[in-house]
C-alpha cells in the first residue's frame, strides 16, 4: 500500500484549499471547480476535497498526525500559528490510554486535526480534569482522542 485515502466534503473549495495548503505545507496536485486532490508522500496520504452544498459538523470525529518527537509538536504548532491559525493546546495530557503533548486546528467546515506526540502509555483512558473526548457547547468544538 502506498497511500491512505481520505475524502471529505467541503462547502468552500477555495477556503479549504488555502487551509490544507497551510496544514500540509504542499499545494494540491489537481484542482477542478468542485474537487481538489493533495498527495502527501510522508505520511502517504491521498486527501481529496469534494464540494457539497451543505456540510453538517464534524462527521468523522477527527483526523490527526502522530509525530515522532516533542520538538515536532512545537515546530508544527509554531508553523501553523504563523499561518494565522488558532492552535488549541493539550500538553502533558492523559488521553486514550497515553500521556501526550498535542494541539488541534479546525478547518473551515469544522473538521478537527490533531497533531500529537505520545510520551508514554497510561493505564487510564483520560484524567478526570482533562477535556479529552468531550464536546464544548460554548464554542461547539469536539475534542476527542
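Once the Cβ-Cβ distance of residue 82 and residue 121 is raised to the sixth power relative to R0 = 30 Å, the FRET efficiency obtained is 0.35.
Between the stretch 89-105 and the stretch 1-68, the C-alpha centres lie 23 angstrom from each other. Evaluating kT/(6 pi eta Rh) at 10 °C and 1.306 mPa s, with the Kirkwood radius of the stretch 8-105 over Cα pairs in the Stokes-Einstein relation, gives 106 µm² s⁻¹.
Taking Cα atoms of the stretch 63-136, Rg/Rh with Kirkwood Rh, to two decimals?
Rg divided by Rh gives 0.97.
Among 92-105, 35-48, how do they line up by average Cβ neighbours within 10 Å per residue, starting with the highest?
92-105, 35-48
List the residues of the stretch 85-112 whose backbone N lies under 14 Å from a point placed 7 Å from the Cα of residue 4 along the Cα-to-Cβ direction. Zone members listed by number: none at all. For the stretch 4-51, the Cα gyration tensor yields ellipsoid semi-axes of 16, 11, 9 Å (square root of five times each eigenvalue, largest first, whole Å). For the pair residue 60 and residue 75, label points projected 7 Å from Cα toward Cβ lie 2.5 nm apart.
Packing around the peptides 9-15, 120-126, taken as the average count of other Cβ atoms within 10 Å per residue, puts them in this order, highest first: 9-15, 120-126.
Bear in mind these aren't lab numbers, they're just calculated from the coordinates by the rules spelled out. Here the structure is a predicted model, which is why all the values come from computation and not from measurement. Glycine gets a Cβ as well: all are built from the backbone with ideal geometry, and neighbour counts include every protein chain shown.
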